[in-house]
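A short worksheet on the structure shown next.
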Amino acid sequence: MESNQKPSGDALAGMQKEAALRALIQRTGYQLQQENGQRRYGGPPPGWDGPHPERGSEIFVGKLPRDLFEDELVPLCEKFGKIYEVRMMMDFNGNNRGYAFVTFSNKQEAKTAMKQLNNYEIRTLFLQGGRS
């Protein structure tokens with residue numbers, strides 16, 4: 001394939017964090033697809049045998065740093081249960097829109113994640129200088 005051609009559906013082409021995202025995909029076996037202003041990670045996960053998770057298994061994750069991607073969000077969410085799918089809303093510049101939806105394998109995992117992540121600061125901002 002020539003360097004100016006991209007495989008169709010390759011959601012990683014040209015991304016700054018391409019290596020980190022490829023490592024995540026390799027570790028988990030999930031797929032990453034770009035479609036209609038969002039990027040889908042998973043859905044269903046490898047080896048999933050059964051229906052889509054029950055209603056109430058999806059949580060909204062907001063106030064994300066615009067340069068944060070699945071390589072940071074997924075490991076955080078994996079602490080609370082098996083991820084079925086992450087849908088990260090994306091802009092035309094390749095940044096996220098500040099929010100995502102994470103679907104867990106069941107309602108209890110989603111409830112635990114929501115409780116633990118409520119007001120959770122995913123990155124700490126360090127400011128120079130002090131207060132007077």
Quiz item: In segment 1-17, what residues are in contact with a Leu (Cβ under 8 Å, 6 or more places away or on another chain) and either within 30 Å of ASN106 (Cα to Cα) or at pLDDT 90 or above (or both)?
Solution: ALA11, LEU12
Quiz item: When TRP48 is evaluated against the numbered criteria (1) touching a residue at least 60 places away in the same chain (Cβ under 8 Å); (2) more than 14 Å from the chain's Cα centre (by Cα), which criterion, by number, is the only one it fails?
Solution: (1)
Quiz item: Counting just the residues of segment 24-42 that are of a type in the set (Gly, Ala, Ser) and surrounded by fewer than 17 Cβ atoms within 10 Å (Cβ to Cβ), which one comes out modelled with the highest pLDDT?
Solution: GLY29
Quiz item: Right, ASP49: exposed (fewer than 10 other Cβ atoms within 10 Å of the Cβ) and of a type outside the set (S, T, N, Q) or not?
Solution: yes
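The values are calculated or read from the model by the stated rules, or taken from the named source; none is laboratory data. What you see is a predicted model; the values in this text were computed from it and never measured. When we count neighbours, we look across all protein chains shown, and the Cβ atoms used for this are built from the backbone with ideal geometry, even at glycine.
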